[in-house]
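Report on the structure given below.
The values are calculated or read from the model by the stated rules, or taken from the named source; none is laboratory data. Just so you know, these numbers come straight off a predicted model, no measurement behind them. With ideal geometry, Cβ positions are generated from the backbone for all residues, glycine too; neighbour counts draw on all protein chains shown.
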There are 2 protein chains.
Amino acid sequence: MNQGDLATTIITMEKKALEKLNKGNPSGYLEIYANDITYFDPFQEKRFDGFENVKTFYESMQGTIYIEHYEMIDPVVQTVGEAAILSYNLVSHIGNDIFREKCTEVYSQQPDKQWRIIHSHWSLITSPSEK
Amino acid sequence: MNQGDLATTIITMEKKALEKLNKGNPSGYLEIYANDITYFDPFQEKRFDGFENVKTFYESMQGTIYIEHYEMIDPVVQTVGEAAILSYNLVSHIGNDIFREKCTEVYSQQPDKQWRIIHSHWSLITSPSEK
């Protein structure tokens, strides 16, 4: 697969998982998280290590999220052999509220050729007054 | 190099660059940033793409940082071929102030065998009152 096709594949996977999560359903991400995922949540100080810990955390949030629409801004995919690093800005709209985030997802091609996320880092964008 | 040795190498590189930056000197990071680095700064919404853009930003901060001491907490290095993903919590002390951050650094082994950072994501840990 050439670089452009791989970038399209990765971005499509991410959007599919994100659109499910935006309706309160974490299953899209859980299907593409690797067993050895490490995960930084925007609201949690400590990293979650390993699929089971991330799954427990996500399932505790099930049904609590409802994003009406979103924009994935400036996605870039960098590739290093069997790793693909996706980074982007995310804007999520909930009624009149807007959440702005930065996102890094490290995908890795597994032995079964499926791409899965082995590291995830979400962070909230703080406004100047919060700096 | 086995996984344990590589993890030690990566963490040692990171600490060396970080300790320079803590004294206001970005040169340690600039020496190990790859040409195609993408960089999420904790205080900036937009990603900086490419070494020259990151360098200009870092040089604008030169001499403005003085961290008296720091703790790198729970560093983990995950490897995928020629990529090594380091993630950790960072606590930085400036007088009586404490800054808490999360950090992701994606290192990649370059054609000259040097490990360099191709993606960096720093984020501030927001206290519950800021959520």
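Please list, ordered by first then second residue, the pairs with beta carbon atoms under 8 Å, 6 or more apart or interchain, first in the range A:47-61 and β-branched (Val, Ile, Thr), second surrounded by 14 or more Cβ atoms within 10 Å (Cβ to Cβ).
Close Cβ pairs (under 8 Å, with a partner that is surrounded by 14 or more Cβ atoms within 10 Å (Cβ to Cβ)) amount to A:54/A:30; A:54/A:33; A:54/A:37; A:54/A:39; A:54/A:48.
If you go through the range A:79-125 one residue at a time, how many are touching a Pro at 6+ places or on another chain (Cβ under 8 Å) and not aliphatic (A, V, I, L, M)?
Counting residues in the range A:79-125 that are touching a Pro at 6+ places or on another chain (Cβ under 8 Å) and not aliphatic (A, V, I, L, M) gives 5.
Select from the range B:40-55 the residues that are more than 9 Å from chain A (Cβ to nearest Cβ) and closer than 17 Å to residue B:123 by Cβ and write down the one among them that is nearest to the chain's Cα centre (by Cα).
Selected residue: B:41.
Being at pLDDT 95 or above, small (Gly, Ala, Ser) and closer than 25 Å to residue B:48 by Cβ is true for just one of A:17, A:34, A:83. Which residue is that?
A:83 is the lone residue from the list that is at pLDDT 95 or above, small (Gly, Ala, Ser) and closer than 25 Å to residue B:48 by Cβ.
Based on this model, can you work out whether residue B:98 counts as over 24 Å from residue A:100 (Cα atoms), modelled with pLDDT under 95 and in contact with a Leu (Cβ under 7 Å, 6 or more places away or on another chain)? Spell out how you get there, then give the answer.
Values: over 24 Å from residue A:100 (Cα atoms): yes; modelled with pLDDT under 95: yes; in contact with a Leu (Cβ under 7 Å, 6 or more places away or on another chain): no.
In short, no.
Do we have residue B:35 as away from chain A (no Cβ under 14 Å) and either among the polar types (S, T, N, Q) or touching a Gly at 6+ places or on another chain (Cβ under 6 Å) (or both) here?
no
Given the structure, is residue B:41 within 20 Å of residue A:76 (Cα to Cα), among the acidic types (Asp, Glu) and modelled with pLDDT of 95 or more? Quick ask: steps written out before the conclusion?
Working: within 20 Å of residue A:76 (Cα to Cα): yes; among the acidic types (Asp, Glu): yes; modelled with pLDDT of 95 or more: yes.
It is true that residue B:41 is within 20 Å of residue A:76 (Cα to Cα), among the acidic types (Asp, Glu) and modelled with pLDDT of 95 or more.
If a residue must be at negative phi and in contact with a Ser or Thr (Cβ under 9 Å, 6 or more places away or on another chain), how many such residues does the range B:47-57 contain?
Qualifying residue count, the range B:47-57: 4.
Can you tell me which residue is farthest from the other protein chains (Cβ to nearest Cβ) among those in the range B:63-75 that are aliphatic (A, V, I, L, M) and without any contact (Cβ under 8 Å) to a residue 60 or more places away in the chain?
B:67
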